[in-house]
Amino acid sequence: MIAFWRSRKIYDKSLEQRRKQHERDPAAHPRFVFYEGPPTANGMPHPGHCLTRAIKDLFPRYRTMRGEYCERKAGWDTHGLPVEVEVCKELGIHAKEEIEAFGIEPFIQKCQQSVWRYMQEWERLTERIGFWIHLDRAYVTYHQSYVESVWWSLKTLFDRIGDSQGEVSRDFIHILDDDAQEQIDKLRVFSERLLYHDSKIVWWWAQGGTALSAGEVGQGYRQVDDPSVYVRFPLLDESGKDSGEDLLVWTTTPWTLPSNQFVAVHRDLSYVVLESPEQERPLIVASDRMDHVIRLKNPKTTGPYTPAPSFTVSKTYSGKELEGRRYRPPFEYFYKDAATKGATCFVPANDMPDDPDAVKSWLKEHVNKRNEEEFRSQGPCEWLRAWRIVCADFVSTESGTGLVHVAPAFGQDDFEVLKQLTGTRLPAYWYKPKLICPVAPNGRFTSEVPDFEGRWVKEKECENELIRSLKDAGLLFHRDQIKHDYPFCWRAEQDPLIQYPRKCWFIKTTAFKDAMLANNAKINWLPEHIRDGRFGNFLESNVDWALSRERYWGTPLPIWVCDITGKMEAVASYDELINKPGVAGLAAWEEAKAKNPELPDDLRVHKPYIDAITYDSPFAEEGRMRRVSEVIDCWYDSGAMPFAQWGYRGEEGPKEAAAEFREQFPADFISEAIDQTRGWFYSQLAISTMLFGQGSGVGGQGSGEASGHAAAKQQASNLQPRTSNLASPTPDPRPLTPFPHPFRNCIVLGLMLGEDGQKMSKSKRNYREPAEIFDRYGADALRWYFFANQPPWTSIRYSEQAIKDSVPEFLLRLWNCYSFFVIYANIDGFDPAEKIGARGAGREARDSDTASTTSPQPQSSLAPRPAPHAPLQLTPDVLAKGADYRPYRSRRPLDQWIISELNRTIEHVTAAMDAYDNYSACQRIIEYVDGLSNWYVRRARDRFWAEDKRDPDKLDAYWTLYECLVTTAKLVAPFVPFLAETMWRNLVADVFGERAAESVHLCDYPAADKSAIDAVLLERMSLGREIASLGRAARMAAKLKVRQPLSKVEIVLADDKHRAWLELADAEVRDELNVKKVEYTTHGEEYITYQVLPNFKRLGPRVGKHLPALKQALADADGAKLLAEMNAAGKISLAVGGETIELDGEDIQVRLQAKPGWAAAQGKQCVVVLSTELTDELIQEGIAKDMIRAIQDRRKEIACEYTARIEVAIASASEAVRKAVTAFAEQIKGETLAVRLTVSTAPSRDAMEVNVADEKAWLTVRVLG
C-alpha cells in the first residue's frame, strides 16, 4: 500500500483537493494548522517516536477527511548539545578543551554531517507508520533562513527596552572596596533590555562548560543518594570570641561548605539551645526541629519530645535575636583574612546626578571616603562582613534544623541573600558582588582551597574527604544519606550539574509571566490538568531564560560589541551584517568553501566563520564591532519554529515568508510527550507570547483579548528606541494575535515504557524494534494499540504481547467481516458497481501493509469497466441508486439496527475526534465492530446462504453489509490507514474503477444521518444482545456447551417495556439461546435467590456506630436491585442513620444463585435463567450440532470451496454418537453440503480422529468432483 500511495501521490492529491476547496470557500473548508515538533535526526528512532508520529498523523488525516486544508511540514532539530555530545562520542572526547584541541572548524563540520546520519531510518519509520508529512520540504534549524529568522526575533527582544533610557534607578549603589576604581572605569549605564547580559547563579554543566536553561535542567532530574550532613558552626560573642555554643546547620552539598558566607534563620521562628552530657557543646536549632535532631542521636525515640536526661533546653532565642550574630565557618580558607575579605558598604544615591559623566565623578568622590564614621554620617551605611547570621524567608522547619548554610556562589536563593545585603538595584552588567567562589568553571576546586585543589566537587571521594575533615575538626554532628531528585545534563546523563555563578545572556521572561499564564489558560490541554498543574506550575515559578551557551554548534547569538565603548547592537540577517560599514572577515568562509566546495552555504552563519566578521563601530570612531562568542539554547531554535520554519523576519522581511506565517499561525494542534512541558511546549509559548502576544511590550500582562489595527499601532509605539544608544533598531509592526498561541490544542503524550514497565533501554533490551513489530503484525496493529489501549496521556507499556492481543479485538474482527462479505459476494455475483451503473477500468495489483495476523486477502473477481463521471465516494445517497436496493426502513429490524448503530457510531466518533479524544472514539468503534461481527453477521449468515440470489431479503443483507463496510473503511481511515485503504480498494476502487475515488483518503469523512438513528430499536437490540450474552454466561457457569440445546429459558425483565417486541422475535431469541421455549416474567423468585455478603472486617472501622443499622438495611434491601446497581456503577449507596453510605465491591458482595435445575446470570436489564435438565433427545441434538462443527472445521482444513459438495463418513464406538448422527442426518447433511453420510463403528484408513461431545469419533470428508 505504501508503494500505491507513493506512485499515485495520494497524499499530495489529498492536499491539492482541500487546497482548491479552501480557496473556493475558506469558511466551509478552513485551514487546519499542524506544527511538527522537530526531532533530532542524529539518533536512531525508537518506539516512543512511533507513538508521537502516529498521533501526529491521526488528527491531520481526520481533519483532512473532514474537509479542512492541513499542510504538514516536517522539521529537524539540528543544533545543540544532542548533536555535540554524539560527535564527541564518535571522536572519543568529552571536555571543551578537547573539542578546541580538535579544532572548532572541523568539529562544526562534523556536527553538520552527523545530523543526517540516521535520516534514512527516520524516513523509513515515518513511511512505515503511515505518517503523511512532507519530509522533502522540512525546515532545518541550521539552515541560513531559519537562523536569520531566529536572529530577527532576538534582535526584536534586544532592541526592546525596560526602564527609561539613560536613567539609573534611585537606590543604593553597591561599591566593592577592593576593585571600586576598576568598576568605575568599566561602568556602562544602559537600560535593561529584554535580552540582557548578567551575572547570575545558573545550572552549570561543568564538563561541557556551559549553562543550561530551566527547561533543559527539568529534563535531567533523577533520584540519587547524596550525603546528608549536620555540621557545627561555632557561634561567636560580641567581642568575636567563641561563645561556647554551636549553630547546627544541615546541608546535602558538603562541597559548598568551604564557600559558606552566611547562616540563615527565619525571623519568626523560635530557636532553642540543646545541652547534653553526651555532647561537648550546646547546639542551637529551631524548636520545631529539636525532636528530629534528638532522634539523630537516639534513633529509637518516638512520639512527641519530652525532656530526657540526655538533652535539656537551656535557653531560647527568636530568629530576630540571632540576626547579625557572627560565627566561625567550618572551613577557614577565607576566614583567616576576615579583616579585608568580603567588606562592602552602602552608599546613599539620593543626590546622584543624571549625567553619566557626572555619575562617574560622583562615584569617585564617594569611593575615596574610606572612614566608616564618615559613611555613617551620610546616611544608612554599615560595614558588612561575611559569616554572620541573616534572616531569610526561605528558611522553614520542613526539614533540616531551621538554620540554613548560605553559599551565595552556589544557589540562587543564597545569591539573593548577598544581593539584598549589598542593597544594589543597579543594572547587572556593572554590578558584580564579591562572592566566595573557590570552584573553577570546570567544576574543580581552585588553589584557594589547597587541600582539595583540582578535585571535581561532585566526586564521591572528594565529598567523603571533606566530611572526614569536618569530623577530624570536631564539627560533624551527624552524617546520613538522603535520596532525592537531582539534575544531570539532559544529554550527558552521567554528568551532574552544579549551581554556579556565571555571566550569561538572559531573556527577561519574568516580565511576561502573567501574559504567559493568561495565554496558557486559553490553551486546550489534554489532559486538562497539565494547564494548571505541570505546565502552569512551571510558568508560575518562571525565571529568566538562560539563553547563551558557551558551546560551538548552535545558532550564533547575533550581538556585536564595540571593542572600545562596550556598546552593543543586534543583527537580524546575514545581508544586514555583510553590508555594515567597514565589514571584514568574510574571507574565513570564502577560504573554507574554496577548500571544500561540498560545504553547505548554510554554515557561513555559524561558528567559526561568523566570528571572523567585524565592522566599523557606530559608537566609537576607531572601534570595531566584534561578535560575542556564545551560541544560543537549541530549545530557543525549536521554539521559534512557528515563524522560523518559513524564514519569517517580520512584516518588513521576505513577503512570501510573511504570508505563509500569517496563514499558518497559530497552530490548531500539536503533540509531544510529557517531557516537553519544560521543553518545546514552553519555548514555543514563551517566544510567541513575547513576540506576538497582546501586551507583549515590556512588562506586558495583556490577557490576549484585544486585537485589531489599533492594538497593533499602540503595540508598535512601545517598541521604538528612546535614545540614540540603540543602533539600527528593527522596524517591528509585528502581527499581534489574541491568545491562545502559538498553539490552540495540545495532546501531552505519556511516557513510553519497556516491556518490563521500566524506562526503555537498549542495554536492557526491554523492547522490540519498531521494524520487527511492523514486519510481524503490521503498522496498523501498532497504531491501533496506541490509540485504543489507553488515553494517550497515560504511560504506555510497549509490549509485543499487548500489541498482539489487541489485534483480534478490532483489526481481525473487522477483517473477518470484510472477508465474509467478499467471499459470498463473489459466490453470488453481487456486484454493486453493476447495480449502481457502469463500472470503471484500469485495475492493477497493489502491495499491502495490512496486519499479517489476518487471513489471505480476499479479492473481488469483478472486472471493472471505465466510466467518465466524477469519482464516487459511495455515500448512502449513491448506494440508494442501486438496483434491488431497498430503503433500510423496508428491511428487517436487524438491518435497520446495524444502520442505526453505524450512524450513532459516526456521530460519537466525530464528536470525540473533534474534541481530540481518540481513545473514546476507538472504544466506540470497537463496540460497533463487535456488534457488526458478533451480532449482525452472525445473525444474518443464513440470509447470505439462501439459494435464491434474487431473494430481496438476501439482497438487503448484501446492501446492508456493503454499506457498513464501505462506510467503516472511511470511518477508520485516520486510525488504520492501511487496512482502510485495502478494504476501499477491493470493495470500491477495484470494482468501480475510475468512477470511484481511487483512495479512501481522498474521501470525505462519513457524516451521521441522525434520522437513521432509531433510539428505541437500539435500546431493544441492546436488550436482545444482553439476553444472548447472559445466556452464554449462564451456560458457562453450569458448564453447558453453547451447541447443547436446552428445553427452556425464563427471562426475568426489569420491566415490561420491550416484552412485546421480544415476543415477536421469539424465533430469533430461541435460536440465539439454543432453547426450545422462551418465557418472560418480571418476578424471578421461583428460579433465583440473592445472597448479600458484607465484609464486616472492612466495614466496621469505616461505619462505626452505624454498623448495626447497616446490617439491617442490607437485610431489608432488594438483592436484585443491589446487584444491578453494583454492576452498573461499581458501588451501592444506602441511606443509614440519616447518612448516605457508599459500598464498593470490597465492602459487599451480592451473589445471584439459581435454584436447583436452573442456571442464571444477571445484567443491567434482565436476568436469564436456563433450565439445565437434559432429555435424551436434547443430548442427541447437541451431539449432532457438535458433529456439524467438526465437519465444518475439516472443510476448512482441506481448503474446501464454500460451495463444494462433499461426502462424509463417521465412525465411533459410542452408541450415543452413532444414534445422534443417524437421528439428525438430514440436518447434518444440509448444513455441511454433504451429499452422502455414512455411519459405522470402524474408521477408514484416512479418517481423522475428532472429539464430539466428549466422545471419540473418526471423520472422513471427501470433496466430490
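Overview of results
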item	result
Two-site label geometry, Y1202 and A1216: point separation in nm, points 7 Å out along Cα→Cβ	3.6
Dipole axis of the chain (+1 Lys, Arg; -1 Asp, Glu on Cβ), positive-most option in M1036, L235, T875	M1036
The chain: angle of helix 952-972 to the longest principal axis, Cα-based, in degrees nearest 10	10
Acute angle (nearest 10 degrees) that the helix 893-914 long axis makes with the longest principal axis of the chain, alpha-carbon atoms	10
Percent antiparallel among DSSP beta bridges (both partners in the stretch 1176-1263, rounded to 5)	65
Estimated [θ] at 222 nm from DSSP helical runs (n ≥ 4, -39500 (n - 2.57)) normalised by residues in the chain, nearest 500	-11000 deg cm²/dmol
In nm, spacing of pseudo-spin labels at K1048 and Q790 (7 Å Cα→C-beta vector)	5.0
Antiparallel DSSP beta bridges within the chain, as percent of all bridges there, nearest 5	75
Cβ crowding within 10 Å averaged over residues, with 1150-1163, 1132-1145, 743-756, 895-908 ranked highest first	895-908, 743-756, 1150-1163, 1132-1145
Chain lengthening between D601 and R889 when straightened (0.36 nm per residue, less Cα-Cα)	96.8 nm
FRET E, pair D291, V224, Förster distance 35 Å, beta-carbon r, rounded to 0.05	0.80
Relative compactness, the stretch 20-70, computed as alpha-carbon Rg over 2.2 N^0.38 Å	1.47
Neighbour-limited loop hits for trypsin sites (Lys or Arg not before Pro), the stretch 1176-1254 (at most 11 other Cβ within 10 Å; DSSP other than H, G, I, E, B)	R1245
Residues D25 and R950, FRET efficiency given R0 of 56 Å [Cβ-Cβ distance, rounded to 0.05]	0.80
Gain in span if fully extended, A521 to S1022, counting 0.36 nm per residue against the direct Cα distance	176.2 nm
Gap separating the Cα centres of the stretch 461-489 and the stretch 954-1026, nearest whole Å	69
Gap separating the Cα centres of the stretch 1175-1231 and the stretch 118-152, nearest whole Å	63
Size of charge dipole - the stretch 1088-1154 - debye, nearest 20, with Cβ of Lys, Arg +1 and Asp, Glu -1, no other charges	220
Potential extension, Q279-R1245 segment - 0.36 nm per residue separation minus Cα distance	338.0 nm
Using alpha carbons only: equivalent-ellipsoid semi-axes of the stretch 1088-1154, gyration tensor based, whole Å	19, 12, 11
Theoretical FRET efficiency, 1/(1+(r/R0)^6), r = Cβ-Cβ of L1264 and A659, R0 60 Å, to 0.05	0.25
Proxy reagent accessibility, fewest Cβ within 10 Å first, across E245, E323, E622, E84	E622, E323, E245, E84
Helix 680-692 vs. the chain, principal-axis angle (Cα, 0 to 90°, nearest 10)	60
Packing-based exposure ordering (other Cβ within 10 Å, fewest first) of E148, E100	E100, E148
Label-reachable residues, the stretch 1140-1165, where backbone N falls under 20 Å from a point 7 Å from A1037's Cα toward its Cβ	1145-1165
From the coordinates shown, Rg/Rh (Cα atoms, Kirkwood Rh) corresponds to which of [x] 1.07; [y] 1.20; [z] 1.37	[x]
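Coordinate-derived values only; no laboratory data. Note that the coordinates shown come from a computational prediction; the quantities given were computed from them, not determined experimentally. Neighbour counts run over all protein chains shown; Cβ positions are idealised from the backbone, glycine included.
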